[in-house]
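Peer 1: Next up is a structure, given as structure tokens.
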Amino acid sequence: MPNSPLYRNHAYAGSQKLAADDALPTGQPLPGLQRLANTSGKAGQFRAQITAEPKQVQLLAEHPTTVWLYNGSMPGPLIEVSEGDTVEIDFHNQLDRPSTIHWHGLATPPAQDGNPMDIVKAGASHQYRYTLPKGSAGTYWYHPHPHEETSEQVYRGLAGPMIVRAKSDPLAHLPEQHLVITDLRLADDGNIPPNTRADWNFNGRYGQFVLINGALRPHIQVDGTQRWRIWNACNARHLMLSLGGVPFTLVGTDGGLLEAPQLGVKQILLAPAERVELVVHAPATGGRHITLLAEPYNSMGDIRNRTANARVLASVEFPAQPVQRSVPEKLRAIEPLEDPSAFHTVVFSELTDLEIARANTIKSIYTPSPARTYVIAGRPYDMKRIDIEVKLDAVEEWEIINQSSMNMDHPFHVHGTQFQVIERVFNGRLTKEPFLAWRDVVNVRSGEVVRIRMVQGFEGMRMFHCHILEHEDLGMMGNLMVRKR
Ligand code: C2O
Ligand code: CU
Ligand code: CU
């Protein structure tokens, strides 16, 4: 434990001066995503190579920045595949430390999912192989998942988008925009500084820059009604997205389309790791310019990251005669998950090292250390411990309880499947989920209880955790074991 990179970083954290808020260029056209080329000639097969390695990029005018990238692309290249495809990706780890690729949101066998116990050593290669099930069309992403080092590998640049397409798509007539939102903290000498004590102790690492496809406040030129896929690939930042009051249509969540479009939405919260599909229309008033905003949102009561003003993420421009495209009233059918055969409870909370030592759940008090450890049911993550036993192919209900003593949101994520939110209890009020949706992340506010249902379709060990990556690294993660029984 004392040699963990968490503590190594910690020793010299927080000493660097940050680059000025206007140090990066703004207003350039939204960069398109690089695509991962399919080298397979066979129908139904996707083959490719992904290399993780350090690369120098020129973000600041005077100083280069070393980032860690997949195939030299910031963000990583877009993987575009179809339901039914077999995916074979050779991963080459050219970092100086172990890594993995985790396929966030996909139903892959556990051995193919880049778990922290399945490390790919520095300099080594590994092939990931899985088949995309029918009904899995949606918006996913991939990122490293090494034990206690996920936060650093992601904030240094390792994260990429993935789209699974359906054979028939009711929105295929809409042109698409892809917006991968990441957070960047940059020092004035061009370095990406390590996490500070506050990043570890509170609601995670925030950068001074929020980028879309690697660019600060880009300009998005649209021809009319479009389908937007948005990824929150930030380490810790919740994004309360709006178009400055211009209504949009919500059509999809992490695991693909809703049953019916939700019209007239004015803002939507994307917790870290969450994705969304929107249909964006030209404003009814005929205006040509709108802005994509992150409205003020506090994931830690009123204590930290208090932002009085909305942050402009991008400017959007419509032509004088925007193309109007229609959205069908029915997108697809979603079967509700009913009659759970088992119930599980997950409690998120934070404990100080002293409290943990007192509770005797770990043996040593290490120094120097962050003052706080993030725990599930009072115990920090242990790679070998099974926290929850799950039955293969059965509907099971999970109750996620956020008992934060620090008024913090904790976005819950589980590997290997998509779930349905059933209801939420907050401030003594129970709210049934208004519509069916497939998700793999749900934000759980301090004091909130969220009930979800899921089916796990592969035997073996998987993880569930808070997707504030600093919390995950500090132990707010557990293992679930799926068995036939
Ligand atoms: Cu995107 Cu275990 O995470
Ligand atoms: Cu995941
Ligand atoms: Cu958390």
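The values are calculated or read from the model by the stated rules, or taken from the named source; none is laboratory data. This one's a predicted model, so the numbers in the text were calculated from it and none came from an experiment. Glycine gets a Cβ as well: all are built from the backbone with ideal geometry, and neighbour counts include every protein chain shown.
Peer 1: If you check PHE458 against the conditions, is it over 21 Å from the mean Cα position of the chain (by Cα), surrounded by fewer than 24 Cβ atoms within 10 Å (Cβ to Cβ) and within 16 Å of ligand 1 (Cβ to nearest atom)?
Peer 2: yes
Peer 1: Among (1) within 16 Å of ligand 1 (Cβ to nearest atom); (2) farther than 18 Å from ARG165 by Cα; (3) in contact with a Leu (Cβ under 8 Å, 6 or more places away or on another chain), there is one condition ASN71 misses while meeting the rest; what is its number?
Peer 2: Going through the list (1) within 16 Å of ligand 1 (Cβ to nearest atom); (2) farther than 18 Å from ARG165 by Cα; (3) in contact with a Leu (Cβ under 8 Å, 6 or more places away or on another chain), ASN71 breaks only (1).
Peer 1: Also: Would you mind listing the strands (runs of 3 or more DSSP E) fully within the stretch 55-135 where at least 2 residues are within 22 Å of the chain's Cα centre (by Cα) and farther than 20 Å from GLN418 by Cβ?
Peer 2: 65-70, 86-93
Peer 1: Turning to a different aspect of this structure: Output the residues belonging to the stretch 460-485 that are closer than 14 Å to PRO116 by Cβ and outside any strand (DSSP E or B).
Peer 2: Answer for the stretch 460-485, where residues must be closer than 14 Å to PRO116 by Cβ and outside any strand (DSSP E or B): LEU469, GLU472, ASP473, LEU474, GLY475, MET476.
Peer 1: What are the pairs with Cβ atoms under 6 angstrom where one residue, in the stretch 466-480, is more than 12 Å from ligand 2 (Cβ to nearest atom) and the other, located anywhere, is at pLDDT 95 or above and of a type in the set (S, T, N, Q)? Sequence gap at least six, or different chains.
Peer 2: Once the first residue is more than 12 Å from ligand 2 (Cβ to nearest atom) and sits in the stretch 466-480, its partners that are at pLDDT 95 or above and of a type in the set (S, T, N, Q) give GLU470/SER151; ASP473/THR150; ASP473/SER151.
Peer 1: Turning to a different aspect of this structure: Take the residues in the stretch 427-444 that are more than 16 Å from ligand 3 (Cβ to nearest atom) and part of a strand (DSSP E or B); name whichever of them is surrounded by the most Cβ atoms within 10 Å (Cβ to Cβ).
Peer 2: The extreme case among them is ARG439.
Peer 1: If you check GLY416, GLY457, GLY447, which single one turns out to be modelled with pLDDT of 95 or more, within 16 Å of ligand 2 (Cβ to nearest atom), at positive phi and not in a strand (DSSP E or B)?
Peer 2: On inspection, the qualifying residue turns out to be GLY416.
Peer 1: Follow-up. Out of all the residues in the stretch 80-113, which are more than 12 Å from ligand 2 (Cβ to nearest atom) and charged (D, E, K, R)? Explain how you work it out, then say what you get.
Peer 2: Taking the stretch 80-113 and keeping what is more than 12 Å from ligand 2 (Cβ to nearest atom), we get 80-99, 109, 111-112.
Within the stretch 80-113, GLU80, GLU83, ASP85, GLU88, ASP90, ASP96, ARG97 qualify.
Peer 1: Among the residues of the stretch 419-440, write down those that are in contact with a Ser or Thr (Cβ under 9 Å, 6 or more places away or on another chain) and within 16 Å of ligand 2 (Cβ to nearest atom).
Peer 2: Those that are in contact with a Ser or Thr (Cβ under 9 Å, 6 or more places away or on another chain) and within 16 Å of ligand 2 (Cβ to nearest atom): TRP438, ARG439, ASP440.
Peer 1: Also, quick follow-up: Which pairs turn up if I take residues in the stretch 399-420 that are under 17 Å from HIS145 (Cα atoms) and look for partners that are modelled with pLDDT under 95 and within 15 Å of ligand 1 (Cβ to nearest atom) with beta carbon separation below 7 Å, at least 6 apart in sequence or on another chain?
Peer 2: none
Peer 1: Further question: Tell me which residues, restricted to the stretch 385-430, are of a type in the set (Phe, Trp, Tyr) and within 27 Å of GLY460 (Cα to Cα). Show your work before the answer.
Peer 2: Just the residues of the stretch 385-430 that are of a type in the set (Phe, Trp, Tyr), to begin with: 398, 412, 419, 426.
TRP398, PHE412, PHE419, listed by residue number.
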